[in-house]
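The values are calculated or read from the model by the stated rules, or taken from the named source; none is laboratory data. These numbers come from a predicted model, not from an experiment. All Cβ positions, even for glycine, are placed from backbone atoms using ideal geometry, and neighbour counts span all protein chains on display. Heads up: the accessible areas ignore ligands, DNA and RNA and are worked out on the full protein's heavy atoms, side chains in. Shrake-Rupley method; radii C 1.70, N 1.55, O 1.52, S 1.80 Å.
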Amino acid sequence: MPESEGLSRRTLLRGTAGLGLATLGCQGLAQQSGATPPPPTAAPQGKKAGWAILGLGGYALGQIMPNFKECQRSRLVAVISGSPDKAKKVAGDYGLDAKNVYSYENLEAIKDNPDIDVVYVITPPGNHREFTVRSAQAGKHVCCEKPMAPTAKDCQAMIDACRKAGKLLQIGYRSRYEPHNIRAIEACRKGELGRLRSIVSDHGFNIPNGLWRTQRKLSGGGSMMDIGIYSLNAARYLAGEEPVEVYATIHNLPNDPRFKEVEDTVHFTLRFPSGVVANCSSGYSWAGMNRYHVIGERGTLEAEPATSYGGQRLTMRRRPVEVPPGNQFAAQMDHLSACILDGGQVLTPGEDGLQDIRIIEAIYESARIGRPVKL
Ligand code: NAD
């Protein structure tokens, strides 16, 4: 289910398959927050940032924790969990120091632990704000999973808390650190397709009943918050600018218990200042779907799967594009670690997460009133 010259610079480039992550950015975001991180300066050989994982669920245990072994600048040092038995077992499995096991209740005690540089919040979105703010107030940098939080107000509070504490905030948009997506962005920015004209992006899956994902208080919304955000985020990073208007419709399968509190299928159209239009969709009652297409004046680009955990395939002008492999999970974590250790701007900062949530709020509003909404 979906669902950083010296050692540091070489490591970042290796982690992103030599595709120049440090030089790629999203124009619109750069305006907001400086999305193109400057090349970090040299850090002491072998220095790694210490990460604490908060929330030991499917994504943390299945994808994030196992990938620390692929990291060059990040090491797993602590767990923070609501379940003491699970925390103890997981800490044992990863050989963590028993003093580095925390609960949600004693989270503030991490401020006295110099092993921990970053807290990675991997819980349902309904409590991302609380855990991000508490971690920043405890003097730690934060990586927070997508979607950043249920509302733009929550997101702004998270950004403000990290800024006040003087700490970095990264949103876990792993596709921005994934080689095929980095190559696709490069093609769009360098004009390899000519001027961009149209983008299509579709993401969905068939959700089982009974998960927090279908409970509004914890999820903040339905398919759009959870999986449609990949369609939205991709449209923005491929277009390289921010949309000025959105029009959306929502359709729920009638009488389906999964869609009592949250939406199923969302179709949304984003209009960008250059004239690019993105037609995107999102679904919770679909056979798996994970793709985007970009149409330019002189060429097309297709990625399918596009934003999956692995197995990405990219074509340009219908021909396969060979992209050297790279580990998106490790690259995402190493990027934040390099920004902490060496200095530099986060490629996917809180402002990026906030922008998606602002647009999602406008998507919900457009579907409610039946008209386009200006952004
Ligand atoms: P999950 O249900 O498997 O795990 C959630 C974890 O949060 C559990 O350990 C649970 O105990 C804990 N938790 C804390 N407070 C909770 C509460 N009030 N209710 C329920 N659980 C609570 O979920 P997941 O799939 O690991 O998703 C966690 C976060 O990671 C979400 O924000 C999700 O969108 C994100 N995610 C991202 C990706 C990605 O590819 N970037 C993939 C999957 C999930």
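What to note about this one:
- Residues that are touching a Pro at 6+ places or on another chain (Cβ under 9 Å) number at least 1 in the following strands (runs of 3 or more DSSP E) confined to the stretch 247-351: 265-271, 277-283, 285-296, 314-316.
- Selection count, the stretch 88-107, where residues are within 16 Å of the ligand (Cβ to nearest atom) and part of a helix (DSSP H, G or I): 6
- Consider the stretch 184-221 and keep the residues that are touching a His at 6+ places or on another chain (Cβ under 9 Å) and hydrophobic (A, V, I, L, M, F, W, C). The one that is most open to solvent (accessible area, probe 1.4 Å) is Val200.
- Residues that are surrounded by fewer than 23 Cβ atoms within 10 Å (Cβ to Cβ) and near the ligand (Cβ under 6 Å from one of its atoms) within the stretch 123-144 comprise Pro124, Asn127, listed in sequence order.
- In the stretch 95-115, the residues that are surrounded by fewer than 16 Cβ atoms within 10 Å (Cβ to Cβ) and among the hydroxyl-bearing types (Ser, Thr, Tyr): Ser103
- Selected residue [open to solvent by 40 Å² or more (accessible area, probe 1.4 Å) and under 23 Å from the mean Cα position of the chain (by Cα)] from His335, His251, His293: His293
- Residue tally, condition more than 16 Å from the ligand (Cβ to nearest atom) and either out of contact with any Ser or Thr (no Cβ under 9 Å at 6 or more places or on another chain) or within 28 Å of Ala60 (Cβ to Cβ) (or both), over the stretch 304-326: 9
One line per residue, one yes/no per condition, for (1) assigned by TED's automatic domain parsing to the domain that holds Glu130; (2) under 15 Å from the mean Cα position of the chain (by Cα); (3) within 12 Å of the ligand (Cβ to nearest atom):
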| position | (1), (2), (3) |
| --- | --- |
| Ile185 | no, no, no |
| Gly191 | no, no, no |
| Arg197 | no, no, no |
| His203 | no, yes, yes |
| Gly210 | no, no, yes |
| Arg213 | no, no, yes |
| Gly221 | no, no, yes |
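- Residues being more than 16 Å from the ligand (Cβ to nearest atom) and open to solvent by 20 Å² or more (accessible area, probe 1.4 Å) - total across the stretch 153-183: 11
- Breaking point among (1) modelled with pLDDT of 95 or more; (2) more than 20 Å from the chain's Cα centre (by Cα), for Thr307: (2)
- Residue in the stretch 108-117 that is at negative phi, within 16 Å of the ligand (Cβ to nearest atom) and outside any loop (DSSP other than H, G, I, E, B) present: no
- Condition check for Lys146: farther than 21 Å from Asp342 by Cα and of a type in the set (Lys, Arg): yes
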